[in-house]
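Colleague: After the structure tokens below, expect a handful of questions from me.
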Amino acid sequence: MQLKSESNPTSATDIIDGATGSANRSTHLSMKAGRRSLYVAGPDHRKRTEKFPSRRGLCTMVVSVPTELTDPTALAQLIHPSADDLIPTVQLNPTSCTTHLTTERHFPTLEVIGAGLMRTGTTSLKCALELLNQTPCYHMSEVTFRLKQPHIRWWMRVLERKRASLSEFGSVLKPGPLFEGLCRFVYRGYSSAVDYPTCIFFQELMALYPNAKVILTLKNPHEWVQSCRATTLSSNLIGHLSWGDRLYYWIKGIRGLPELHHQMFTQTLGSSFDKMTDEELIRAYERWNNHVIATVPRDRLLVFNVNQGWQPLCEFLGKAQPIEGIEFPHLNKRADMAKVVSGFYQKGRWIDRFLILLLLGLLCTFAILTVSRIRVPNAVQ
């Protein structure tokens, strides 16, 4: 990774919004290149160390945050999940923002923010946006199958922070310097983001990316409930986790996924989503959709059903329709997703059976050894 020096950057907000000297004190986060530790220096300049996973060397990063964020441990916990591929930026003088090191890499900004819930055609929309923009689209499937635990941990920290600081449905978490910088890290390389966890933060992201447009994907409420019951809200996925389930998630590198699901659905559907009747789920679904429609300015919002095809989407984004013969994608249908969920469940059951057999084998071995030790002294006597 090659770095270049910029003595007078136009703005620190290109990567991370740092303090500009208005705060009397600040907390600095410093990550050393090639080391598996995160050094956090608080206002008293004492260093604390937090371990983080790193697949490659990373450059030093110093982030200056507002005065009220002065708990080094909390900051370390917040930044810890993203340290796997942190933004390669160095702020040498956090109080004045006058000297930076930054990479040559381009950081695209989000052009499209998806506010629709799961099972509303978000996978089809993801594929369509990738065809139109020729860039990847951030989606829960990316988190589950490619980005995995580093991004899962980061989203869990942000969701915990939002849950702890807000009490009303639809309240907005005011983005701070660290939140904004880490959002830019998560969406680096993506020009669009749909599905969970993005939809939860559509208001915060609208403020962070003022030129981005919002797409709300909708489906018939009754069809939506049936689809969720068979997939993302099935008892196999949100029910009690066995030891086999936990071990399988750990092997796949997504051990925090069940907890992430619980936090995400709590934010959008309510804390008792797993106990709701179909009618209650429909009301929660419609409440979310109405909240999005009432919140997003009309000129920035497209209420979209994937069955409408290319025309409304292309007109809204100002994109030319794909050449004739390329049909609008219709992916991740209920039966396909149900197979994926069933696969997770079945593998967990196989691991449970293996663990039971292993335990029985150990108990039998212990019993045989115990009996043999008792018989040997008796034979000698």
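Colleague: Between region 331-360 and region 267-307, how many Å separate their Cα centres?
Modeller: Value for the Cα centre distance between the two parts: 30 Å.
Colleague: Can I ask one more? 5 Å is the cut-off here: which amide hydrogens, built 1.01 Å from N in the peptide plane, fall below it relative to VAL303, excluding neighbours closer than 5 in sequence?
Modeller: For VAL303, the qualifying residues are LEU216.
Colleague: Give a residue-ordered list of calculated ³J(HN,Hα) values for region 119-124 (Karplus: 6.51 cos²θ - 1.76 cosθ + 1.60, θ = phi - 60°; whole Hz; x for Gly, Pro).
Modeller: With coefficients 6.51, -1.76 and 1.60, one gets 6, 10, x, 5, 5, 5 Hz.
Colleague: Also, I was wondering about something else. Place +1 on the Cβ of every Lys and Arg and -1 on the Cβ of every Asp and Glu in region 112-358, take the dipole about the Cα centre, and give the residue among ILE152, LEU132, ILE282 whose Cα lies farthest towards its positive end.
Modeller: Positive-end residue among those listed: ILE152.
Colleague: Exceeding 26 Å between C-alpha atoms, which entries from my cross-link table qualify? They are LYS252/LYS319; LYS219/LYS339; LYS252/LYS339.
Modeller: Details: LYS252/LYS319 38 Å; LYS219/LYS339 21 Å; LYS252/LYS339 17 Å.
Cα-Cα > 26 Å for LYS252/LYS319; rest within.
Colleague: Quick one: 3J(HN,Hα) in Hz for region 265-281, Karplus 6.51/-1.76/1.60 with θ = phi - 60°, rounded, Gly and Pro as x.
Modeller: Karplus values, whole Hz, x for Gly and Pro: 5, 4, 5, 9, 9, x, 5, 9, 4, 6, 10, 6, 6, 4, 5, 5, 5.
Colleague: Report the calculated FRET efficiency for LYS333 and ALA164 (r = Cβ-Cβ distance, R0 = 25 Å), to the nearest 0.05. Intermediate results must be reported in sequence, preceding the final value.
Modeller: Numbers: r = 37 Å, r/R0 = 1.49.
So, using R0 = 25 Å, E works out to roughly 0.10.
Colleague: Compute the signed sum of charges (Lys and Arg +1, Asp and Glu -1) over the other residues within less than 14 Å, Cβ to Cβ, of TYR285. Display every interim value, and only then the final one.
Modeller: On the way: positive: ARG119, LYS219, ARG229, ARG283, ARG287; negative: GLU223, ASP278, GLU279, GLU280, GLU286.
Charge balance near TYR285 sits at 0.
Colleague: Bin all alpha-carbon pair distances of region 112-358 at 10 Å intervals from 0 and give each bin's fraction as a whole percent.
Modeller: Final binned percentages: 7, 30, 37, 20, 5, 1, 0.
No lab work stands behind these numbers, since they all come straight from the coordinates. If you're wondering where the values come from, they're calculated on a predicted model, not measured in any experiment. FYI the Cβ positions are ideal-geometry reconstructions off the backbone, even for glycines, and counts take in every protein chain you see.
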